Amino acid sequence: MDSTNTHNPVLLVFPPEIAIPKLQQTATLFVPRNPLSKILASKLKIFGAIQIVFGMMNFSFGMIMLFTLVEPYPRFPFIFISGYPFWGSILFINSGAFLIAAKRKNTETLMIVSRMMNSLSALGALAGIILLSFGIILDQHYLCGFSNQHSQCHSITTLLVGILIMLMTFTIIEFVIALSFSIFWGQ
């Protein structure tokens, strides 16, 4: 290198572009047709997050009921024996996760799977409403059994009925969300 040629450009030779064949994309985008489906499509993340939160709340209330079998209470609450707080929460969390995934990657296959999960979640919520109704009726007076401690028994029963009412509220809202996505989303 000569110091007199400091401003001469240096040409670099790069190899020719390597041709990469373009892959065929088999996923097709899902486009909703009616106005209600368009509104639901714009709020997928929000409704998915609501479903996940309600699923976690159902699981949390189920864990609270796990610790209700102490003296003088003779049995677990009916809703705990049915296992609804646990299998219902799995359904709600899965359907919410599929809604969020459908918002991120809007393919027709993912929409079909999300619709199927929301249909299962709606059926689970309907079963949960029935089980919770039976639970409120059965556990309203029988939870304490033949306890002599009336004040403590009354407060625990009130707490349990309050938890059952909260579970019922979450389940009804989950039923409405899951049913709306399973019916109106595919149209």
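Heavy-atom accessible area, probed at 1.4 angstrom with all protein chains present, ranks Val113, Val53, Val161 as Val53, Val113, Val161, highest first.
Maximal additional length on extending the Leu126-Leu159 stretch stands at 9.5 nm, based on 0.36 nm per residue less the C-alpha distance.
The packing ranking, built from the mean of other Cβ atoms within 10 Å per residue, places the peptides 165-176, 117-128 in the order 117-128, 165-176, highest first.
The values are calculated or read from the model by the stated rules, or taken from the named source; none is laboratory data. Quantities reported herein were computed from a predicted structural model and do not represent experimental measurements. Quick reminder, even Gly has a Cβ in these numbers, built from the backbone with ideal geometry, and neighbours come from all protein chains shown. With ligands, DNA and RNA removed, areas are computed over all heavy atoms of the protein, side chains included. Shrake-Rupley method; radii C 1.70, N 1.55, O 1.52, S 1.80 Å.
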